[in-house]
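Shown next, in structure tokens, is the structure this report addresses.
The values are calculated or read from the model by the stated rules, or taken from the named source; none is laboratory data. Everything numeric here is computed off the predicted structure, so don't read it as measured data. Positions of Cβ are backbone-derived with ideal geometry, glycine not excepted, and every protein chain shown enters the neighbour counts.
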Amino acid sequence: MNSVTAIKSSKIDTHSIPSDLFIGGKWIKPSSGKRIDVFNPSTEERLATIADATVEDGISAVDAAAAAAKGWAKTAPRKRAEILLKAYNLMMAKADWLAELISIENGKALADAKGEVNYAAEFFRWYAEEAVRINGDISIAPGGANRIMVQYQPVGISVLVTPWNFPAAMATRKIGPALAAGCTCILKPATETPLTAFAMVEILAEAGVPDGVVNVITTSSPGPVISAMLHDPRVRKLSFTGSTGVGRRLLREASDCVINCSMELGGNAPFIVFEDADIDAAIEGAMIAKMRNGGEACTAANRFYIHESIYDAFAKKLSAKMGAMNVDDGWLPGTQCGPLVNAPSLQKVVRFVDDAVARGAKVLTGGKKLDRKGYFYPPTVLTDVAPNSELLHDEIFGPVAALVSFKTEDEVIALANDTEYGLVSYVYTQNLARGLRVSEQLDAGMVALNRGLVSDPAAPFGGTKQSGLGREGAHHGLLEFTEAKYIATSW
Ligand code: NAD
């Protein structure tokens with residue numbers, strides 16, 4: 001075990017968190033002997049140095065997952081369920097500590113991190129309940145003579161690749177259903193936020209997950225390491241959450257061995273407010289949809305389409321709320337908006353706002369990076385955003401709301417759907433028929449109708465178009481880790 005440097009600014013004792021590779025139930029040094037630095041985005045302090053895995057280490061993790069595969073697939077569903085439930089209880093017992101850890105390495109406000117821990121733990125509880133409900137089916141073939149039996153079997157060794165923006169929840173949303181279905185796995189978390197993954201794997205081991213069932217590797221060369229695993233014929237599944245660009249590349253890699261893929265990719269969510277909406281409710285929803293995680297969410301509202309008759313009133317109220325937010329180090333009590341995760345993320349937000357302003361946008365609040373240490377950008381509201389502004393076409397991934405006005409229902413549906421992404425859309429109206437009519441026409445995997453939040457472990461989460469393939473959460477998420485086996489018979 002290689003302990004990490006102390007974090008001066010927080011009470012958390014990072015010395016107790018291991019930082020090597022977790023393979024076959026043991027903490028192992030990387031064969032490269034190399035390490036990767038991890039930084040606190042609020043202070044730019046170095047938090048940890050973690051193992052830098054090589055291709056050989058990746059294959060060792062596949063060896064460990066393969067050695068454990070048969071035993072785990074044969075473990076009684078009730079036993080798998082009990083282990084997952086124990087993991088849920090252990091996570092909840094450590095919720096405050098985990099939230100602070102997430103906040104320190106990701107930068108998000110502690111309140112957001114607490115919300116994430118609850119959400120993340122729920123995937124273990126939900127899939128503990130699902131583990132004992134993997135039903136097959138049987139039917140009589142239309143001709144009458146034959147029987148069609150279908151069983152759902154574990155898909156096999158699964159490679160799980162996760163981003164930094166929800167370091168706990170993106171891991172449990174994959175590990176929960178993988179384990180419930182009877183699959184062993186290798187988790188590769190983002191190098192910005194590995195400590196949460198290391199803490200979680202210790203929780204899983206304490207809950208009774210056998211050696212080799214969950215392995216964790218971190219690497220500064222994700223391309224070659226993941227590619228080698230996807231070309232190992234023992235690996236049968238890739239579950240990826242991250243950007244659309246990396247997702248496309250991984251789909252190409254996965255095609256060589258025809259690996260089963262679930263892809264949760266980027267978004268460019270429209271937030272539509274009709275003239276008949278309850279404006280205060282819409283503002284409340286907008287604050288959640290825009291500012292949860294400081295805007296660093298795939299579900300973040302990216303483009304605000306506000307009916308022209310309420311545009312000025314909405315803009316004024318939203319900028320008053322966003323401008324009043326307390327921006328500070330993520331883990332400090334009272335912080336409502338922490339820093340962005342790293343320097344490139346900050347530079348992207350600066351570039352997007354400058355581009356929109358150069359094209360004529362007005363800044364109602366924010367609009368300039370803060371003059372302090374850390375990757376801070378203030379909550380920002382822009383109005384009169386020109387259609388060709390970059391931030392209307394790509395994920396902002398920061399605390400910036402771009403407002404555009406519209407006149408008619410057909411116009412706003414066309415604007416909302418004019419993107420390669422299709423993860424989530426938000427709609428505010430008090431007219432139920434209009435709400436449902438518009439929801440049906442929005443090309444997105446999820447619609448939030450008079451809500452600012454869609455995420456729920458019991459709901460199928462995922463996108464259309466280039467926002468992804470497959471669904472996570474709900475029973476759908478479990479089926480992603482199974483293969484349907486059809487047995488043709490007659491008696
Ligand atoms: P990213 O694509 O840069 O990285 C995601 C993961 O892929 C990380 O673990 C990274 O190390 C790894 N990776 C990077 N290059 C790789 C390569 N060549 N081969 C294999 N793995 C590689 O994304 P990010 O910046 O960490 O996260 C933000 C993105 O994730 C945003 O686009 C966001 O919308 C998306 N996201 C989507 C969902 C969803 O459910 N749809 C949820 C959260 C985040």
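A few points about this structure:
- Residue satisfying all of: in region 433-446; of a type in the set (A, V, I, L, M) and surrounded by 20 or more Cβ atoms within 10 Å (Cβ to Cβ); farthest from the ligand (Cβ to nearest atom) among these: V438
- Hits in region 208-226 - residues which are surrounded by 19 or more Cβ atoms within 10 Å (Cβ to Cβ) and within 12 Å of the ligand (Cβ to nearest atom): V216, I217, T218, T219, P222, V225, I226
- Counting residues in region 303-318 that are touching a residue at least 60 places away in the same chain (Cβ under 8 Å), in a helix (DSSP H, G or I) and β-branched (V, I, T) gives zero.
- Single residue of E253, E308, E264 found to be touching a Phe, Trp or Tyr at 6+ places or on another chain (Cβ under 8 Å), among the charged types (D, E, K, R) and within 16 Å of the ligand (Cβ to nearest atom): E264
- For region 430-480, a residue qualifies if it is in contact with a Ser or Thr (Cβ under 9 Å, 6 or more places away or on another chain) and small (G, A, S), and the qualifying residues are G435, S439, A444, G445, A448, S455, G462, S467, G468, G470, G473, G477.
- 3 or more residues over 30 Å from T184 (Cα atoms) and of a type in the set (A, V, I, L, M): qualifying strands (runs of 3 or more DSSP E) within region 384-491: 400-406, 446-449
- Of V424, V363, V404, all but one fail to be among the β-branched types (V, I, T), assigned by TED's automatic domain parsing to the domain that holds M325 and under 23 Å from the mean Cα position of the chain (by Cα); the exception is V424.
- The condition (being within 27 Å of P210 (Cβ to Cβ), surrounded by fewer than 24 Cβ atoms within 10 Å (Cβ to Cβ), in contact with a helix residue (DSSP H, G or I) (Cβ under 7 Å, 6 or more places away or on another chain) and assigned by TED's automatic domain parsing to the domain that holds P167) is satisfied by just one residue among I59, I50: I59.
- Considering the conditions (1) surrounded by fewer than 16 Cβ atoms within 10 Å (Cβ to Cβ); (2) more than 10 Å from the ligand (Cβ to nearest atom); (3) under 30 Å from A68 (Cβ atoms), D276 is excluded by exactly one of them, (3).
- Any hit, region 279-294, residues being at pLDDT 95 or above, part of a loop (DSSP other than H, G, I, E, B) and not β-branched (V, I, T): no
- Some residue of region 223-232 being free of Cβ contacts under 8 Å to residues at least 60 places away in the same chain and under 19 Å from A65 (Cβ atoms): yes
- Qualifying residue in region 405-417 (condition: farther than 16 Å from T299 by Cα and within 16 Å of the ligand (Cβ to nearest atom)): no
- In region 88-145, the residues that are touching a residue at least 12 places away in the same chain (Cβ under 8 Å), farther than 15 Å from L478 by Cβ and hydroxyl-bearing (S, T, Y): Y88, S103, Y119
- Selection within region 285-296 - farther than 25 Å from A414 by Cα and surrounded by fewer than 23 Cβ atoms within 10 Å (Cβ to Cβ): R292
- Among residues of region 63-100, those that are touching a helix residue (DSSP H, G or I) at 6+ places or on another chain (Cβ under 6 Å) and over 17 Å from A128 (Cα atoms), counted: 3
- Answer from E202, E192 - the residue that is modelled with pLDDT of 95 or more, among the acidic types (D, E) and within 16 Å of the ligand (Cβ to nearest atom): E192
- Residue count for region 383-401, restricted to those that are under 21 Å from the mean Cα position of the chain (by Cα) and of a type in the set (D, E): 2
- Qualifying residue in region 452-469 (condition: touching a Pro at 6+ places or on another chain (Cβ under 8 Å) and either away from the ligand (no atom under 16 Å from the Cβ) or at pLDDT 95 or above (or both)): no
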